[in-house]
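**Student:** My questions all concern the structure below.
The values are calculated or read from the model by the stated rules, or taken from the named source; none is laboratory data. What you are looking at is a predicted structure, and each value in this text was computed from that prediction instead of being measured. All Cβ positions, glycine included, derive from the backbone under ideal geometry; neighbour counts span all protein chains shown. Remember, those area values only see protein heavy atoms, side chains included, never the ligands or the DNA or RNA. Shrake-Rupley method; radii C 1.70, N 1.55, O 1.52, S 1.80 Å.
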Amino acid sequence: MTNDQELKAREAADDKLINGAFQHLLDTYLNSRHRKKVDIITKAFNFARQAHKGVRRLSGEPYIMHPIAVAQIACEEVGLGSTSICAALLHDVVEDTDYTTEDIENIFGPKVANIVDGLTKISGGIFGDRASAQAENFKKLLLAMSDDIRVILIKICDRLHNMRTLASQPANKQYKIAGETLYIYAPLANRLGLNKIKTELEDLSFRYEHPDEYASIERKLASTQASRHTLFDEFTAPIREALDKMGIKYVIKERVKSPYSIWCKMQNKHVSFDEIYDILAVRIIFTPKERENEINECFNIYVAISRIYKSHPDRLRDWLNHPKANGYQALHVTLMSHQGRWIEVQIRSDRMDEVAEQGFAAHWKYKEGDDGEIAEDDGELNDWLHTIKEILDDPQPDAMDFLDAIKLNLFASEIFVFTPKGEIKTMPAGCTVLDFAFSIHTFLGSHCIGAKVNHKLMPLSHKLESGDQVEILTSKSQHVQPSWINFVSTAKAKVKIQAMLRRESREMQKKGEEMLAEFLKKSGMEYTNAAVDKLMAFHNVDKREDLFQAIGEKMVMLGDKDIDELKGKKKDGGLKWRKFVPFIGSAKQKKDGEKQPGLFVVPDAFNRKKPIFITDENIGQYKFMFCCHPIPGDDILGFIDNKKQIEIHKRACPVAAKLKASYGNRILDAKWDMHKRLYFDSTVRIEGIDRIGMLNDVTRVVSEQMNINIHKVAFSCGDGVFDGTIELRVHDRDDVRSIIENLKKVQGVQEVSQIM
């Protein structure tokens, strides 16, 4: 076969693939409830196909397959209409080709152009080479979202397809994209009620960050599938019988916990897979006889099934009368099966089920206008977007702070709080009186001195609970305190407090700068950048703002020593004198700033796509971080810090999660190549029933049976139970796992878990 023939054959195969994918998209769209605007979708497809002609993805497939896949997800899995499908097909055209947003507007109209423009501004996800570029792009994402929510919905579809095809990327990119997905996109999908997509994003991120743990949980789920089916059938048989008698049209589904949520529970509760009892849940989805009466019908089903099984009194969750902020409605009840297992049952109507899977997009199906477009009147959604806009009005100076502020409210559980007039306000669980004050109005928050909670006087830091009635108390003399930031928990309160403190700080800096200029003028010297830099070095301060603030707050008192420093006259007593003045900065900071000997410094030509291997010989060249205490056997990654040295973190470390989301281009793939020659610290916690000789048996297992060196033991006993920690010197994580397994065999030991 000649080259021309090969090329033609490849083009024919590509055409078949592309046309098949587009036809599948059209078929899905034609089966939806939206108005059938096939012409404009076909026009958008042909335009995008021509624009991306000849371009391929890393996986080797034609580039146009990506926009088609994103449009398919938007249509099939999110339930969006023609405007969104066109925007999804065109979402990379402006960024990757010579076409402009104006071209899109002239051909497809302002609505499509506006969404494409929003998607172009946040091109390529939250990427970027600058330190805070990712967070900056995230701000753009939120700004675009506050104009049209479809921007973020299509962006989530785009991210889902990128995650599904992540295998073609190098490992360091995989960690960056997976970490960013887990930190930002999965919570966003959750907040928008896209439960199915949120779960898939979490599982895909987990699969790439912790492939061994993912595979292990998948194997265990497969091996226990038959017993789960049996339990499900036996448990639901009498329920089906009762519902049939009531004449209800229903389906009962088996819901299995996702691998990621199983892993999270194993980590948080320090339990094994076999000790997780809520892997199976049951979902009853019914079609109500009357749509207006669906809440009553949910409760009727609950009454019927609670006659068959005993319900857990503390585990009834009523999301019917008070839906979650993302629109989720259902009645959750936990029942004791005849096999002696607690099983959660979720009761919801078909409409509620659709909202649970597709979130706000499903709301729009029940509220849309004649053109199949999104309704603008969703109160909960508008409230949330209003909060986002308020946060963006006071942008954070630091990328990590900004991401944290948004993150606070994305995944929060909710409580319901009443105003003095009896109005309900939805607040994140764990919020305080001060959070509530800021949620009502910034003025109330900044002048809040306390509250009457259920008619009792409570301080600002008092945590609210569901059902509390709260009356905020204010005083004109009250103003924002720096300590407030330590106990508020909502993004809005944190952002407003930081903005006010920054405003006060700027005023203080201005005052300090004026004091410095006046001091220099009186001393017959000019106010120059060089003079300020000299004083910064003299007072051991890194930033000009810090120096000005210290002068304004009178932490630094300007005097003869400063003049001598500026004129180059140094006195021997200077250093001794400085030692006792409470300046900003410390000797420790200086020490930290010095380059540590032996650490590897990343050169400019360093290949970041290749993994770094940590060996017995080169281990001293890397910084092992105390935030997560990684040891051989842990899934790890590298991070290039500001000094171009490499920090090593566990991939599951909370600090690493922020780094992946904010500084993704500095992430490296890191692997262990150790040969059990070096020792590392690890701590194990042990609990159980106390008896004579227990400590002796525990230490014998570790020291004699396993030949592991015990560094420190701390045990406490009381009321017949004991609790203790053992600090060990181990080679790797396998040693820790073996110790835990062997300790669990000791008589009376109930629980063994690894602390670090």
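**Student:** Which pairs do you get when a residue that is of a type in the set (Asp, Glu), found in segment 169-190, comes within reach of a residue that is part of a helix (DSSP H, G or I) and open to solvent by less than 10 Å² (accessible area, probe 1.4 Å), reach meaning Cβ atoms under 9 angstrom, with the pair 6+ apart or on two chains?
**Tutor:** Cβ pairs passing all conditions: Glu180/Gln134; Glu180/Arg159; Glu180/Ser205; Glu180/Lys660; Glu180/Ala661; Glu180/Ser662; Glu180/Gly664.
A quick yes/no check of all residues on (1) at positive phi; (2) open to solvent by 50 Å² or more (accessible area, probe 1.4 Å); (3) of a type outside the set (Gly, Ala, Ser); (4) out of contact with any Gly (no Cβ under 6 Å at 6 or more places or on another chain):
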{"site": "Ile301", "(1), (2), (3), (4)": "no, no, yes, yes"}
{"site": "Arg317", "(1), (2), (3), (4)": "no, yes, yes, yes"}
{"site": "Lys324", "(1), (2), (3), (4)": "no, yes, yes, yes"}
{"site": "Gly327", "(1), (2), (3), (4)": "yes, no, no, no"}
{"site": "Ile347", "(1), (2), (3), (4)": "no, no, yes, yes"}
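**Student:** Just for segment 233-277: of the residues that are in contact with a strand residue (DSSP E or B) (Cβ under 7 Å, 6 or more places away or on another chain) and hydroxyl-bearing (Ser, Thr, Tyr), which one is least open to solvent (accessible area, probe 1.4 Å)?
**Tutor:** By that ranking, first place goes to Thr236.
**Student:** If you don't mind, there's one more thing I want to ask. Could you check segment 467-482 and list, in sequence order, the residues that are surrounded by 10 or more Cβ atoms within 10 Å (Cβ to Cβ) and of a type outside the set (D, E, K, R)?
**Tutor:** Once the filter is applied, which keeps residues that are surrounded by 10 or more Cβ atoms within 10 Å (Cβ to Cβ) and of a type outside the set (D, E, K, R), segment 467-482 yields Gly467, Gln469, Val470, Ile472, Leu473, Thr474, Ser475, Gln478, His479, Val480, Gln481, Pro482.
**Student:** List pairs: first in segment 696-724 and at positive phi, second open to solvent by 40 Å² or more (accessible area, probe 1.4 Å) and part of a strand (DSSP E or B), Cβ under 8 Å, 6+ apart or cross-chain?
**Tutor:** Going by the 8 Å Cβ cut-off, the qualifying pairs are Gly720/Ile689.
**Student:** For Thr334, work out the one condition from (1) surrounded by fewer than 17 Cβ atoms within 10 Å (Cβ to Cβ); (2) in contact with an Asp or Glu (Cβ under 8 Å, 6 or more places away or on another chain) it doesn't fulfil.
**Tutor:** It is condition (1) that Thr334 fails.
**Student:** Can you pull out the residues in segment 707-756 that are open to solvent by 70 Å² or more (accessible area, probe 1.4 Å) and modelled with pLDDT under 85?
**Tutor:** Within segment 707-756, Asn707, Asn709, His711, Asp719, Ile755, Met756 meet the criteria.
**Student:** Looking at Gln589, is it surrounded by 10 or more Cβ atoms within 10 Å (Cβ to Cβ), at pLDDT below 55 and in a loop (DSSP other than H, G, I, E, B)?
**Tutor:** no
**Student:** Report whether or not Gly179 is open to solvent by less than 10 Å² (accessible area, probe 1.4 Å), modelled with pLDDT under 90 and not in a helix (DSSP H, G or I).
**Tutor:** Values: open to solvent by less than 10 Å² (accessible area, probe 1.4 Å): yes; modelled with pLDDT under 90: yes; not in a helix (DSSP H, G or I): no.
No, not satisfied.
**Student:** In the list Tyr250, Tyr260, Tyr277, Tyr302, which residue meets the criterion of being aromatic (Phe, Trp, Tyr) and part of a loop (DSSP other than H, G, I, E, B)?
**Tutor:** Going through Tyr250, Tyr260, Tyr277, Tyr302 in turn, just one is aromatic (Phe, Trp, Tyr) and part of a loop (DSSP other than H, G, I, E, B): Tyr277.
**Student:** Would you mind finding the one in Glu200, Glu241, Glu218, Glu234 that is touching a Pro at 6+ places or on another chain (Cβ under 8 Å), over 20 Å from Ile636 (Cβ atoms) and assigned to a helix (DSSP H, G or I)?
**Tutor:** Result of the check over Glu200, Glu241, Glu218, Glu234: Glu218.
**Student:** Only residues that are open to solvent by less than 20 Å² (accessible area, probe 1.4 Å) and within 19 Å of Ser505 (Cβ to Cβ): list them for segment 550-566, please.
**Tutor:** Matches in segment 550-566: Ala550, Ile551, Gly552, Val556.
**Student:** Right, something else. Could we say that Lys492 is part of a helix (DSSP H, G or I) and touching a Gly at 6+ places or on another chain (Cβ under 7 Å) here? I'd like the intermediate steps shown before the answer.
**Tutor:** Working: part of a helix (DSSP H, G or I): yes; touching a Gly at 6+ places or on another chain (Cβ under 7 Å): no.
Here the answer is no, as Lys492 does not meet what is asked.
**Student:** Here's something else I'd like to know. Being at pLDDT below 85 and in a helix (DSSP H, G or I) is the filter; apply it to segment 537-549 and report the residue that is least open to solvent (accessible area, probe 1.4 Å).
**Tutor:** In this case the residue turns out to be Phe538.
**Student:** Of the residues in segment 66-106, how many are open to solvent by less than 10 Å² (accessible area, probe 1.4 Å) and free of Cβ contacts under 8 Å to residues at least 24 places away in the same chain?
**Tutor:** 1
**Student:** Can you list residue pairs whose Cβ atoms sit under 9 Å apart, with the first residue in segment 278-298 being closer than 22 Å to Phe235 by Cβ and among the aromatic types (Phe, Trp, Tyr) and the second being open to solvent by 50 Å² or more (accessible area, probe 1.4 Å) and in a strand (DSSP E or B)? Count only pairs 6 or more apart in sequence or on different chains.
**Tutor:** Phe286/Lys249; Phe286/Val251
**Student:** Further question on the same structure: Out of segment 462-484, which residues are assigned to a strand (DSSP E or B) and within 15 Å of Leu444 (Cβ to Cβ)?
**Tutor:** Passing the criteria: Val470, Glu471, Ile472, Leu473, Thr474.
**Student:** Please pick out the residue among Ile636, Ile619, Ile614 that is in contact (Cβ under 8 Å) with a residue 12 or more places away in the chain and under 25 Å from the mean Cα position of the chain (by Cα).
**Tutor:** Ile636
**Student:** Could you please find all residues in segment 648-668 being surrounded by 20 or more Cβ atoms within 10 Å (Cβ to Cβ), in contact (Cβ under 8 Å) with a residue 24 or more places away in the chain and of a type outside the set (A, V, I, L, M, F, W, C)?
**Tutor:** Passing the criteria: His649, Arg651, Lys660, Ser662, Tyr663, Gly664, Arg666.
**Student:** While we're looking at this one, here's another question. Within segment 28-42, restricting attention to residues that are open to solvent by less than 70 Å² (accessible area, probe 1.4 Å) and either over 35 Å from the mean Cα position of the chain (by Cα) or among the aromatic types (Phe, Trp, Tyr) (or both), which residue is nearest to Ala71 (Cα to Cα)?
**Tutor:** As a first pass, look at segment 28-42 and keep what is open to solvent by less than 70 Å² (accessible area, probe 1.4 Å): 28-29, 32, 34, 37-38, 40-42.
Now drop any that are not either over 35 Å from the mean Cα position of the chain (by Cα) or among the aromatic types (Phe, Trp, Tyr) (or both), which leaves 29, 37-38, 40, 42.
On the way: Tyr29: 10, Lys37: 14, Val38: 13, Ile40: 13, Thr42: 12 Å.
Per the stated criteria, the residue is Tyr29.
**Student:** Further, regarding this structure: Among the residues of segment 673-695, write down those that are free of Cβ contacts under 8 Å to residues at least 60 places away in the same chain and open to solvent by less than 40 Å² (accessible area, probe 1.4 Å).
**Tutor:** Phe680, Gly693, Met694
**Student:** On to the next question. Considering only residues of segment 43-62 that are loosely packed, with under 14 Cβ neighbours inside 10 Å and in a helix (DSSP H, G or I), which is modelled with the highest pLDDT?
**Tutor:** Checking each candidate, the answer is Asn46.
**Student:** Is it true that some residue in segment 223-231 is closer than 22 Å to Ala281 by Cβ and within 16 Å of the chain's Cα centre (by Cα)?
**Tutor:** no
**Student:** Let me ask another. Determine whether segment 693-703 contains at least one residue that is touching a Pro at 6+ places or on another chain (Cβ under 9 Å) and part of a loop (DSSP other than H, G, I, E, B).
**Tutor:** no
**Student:** May I pose another question? For segment 71-84, how many residues are closer than 23 Å to Ala356 by Cβ and part of a helix (DSSP H, G or I)?
**Tutor:** Going through segment 71-84 one residue at a time, the tally reaches 6.
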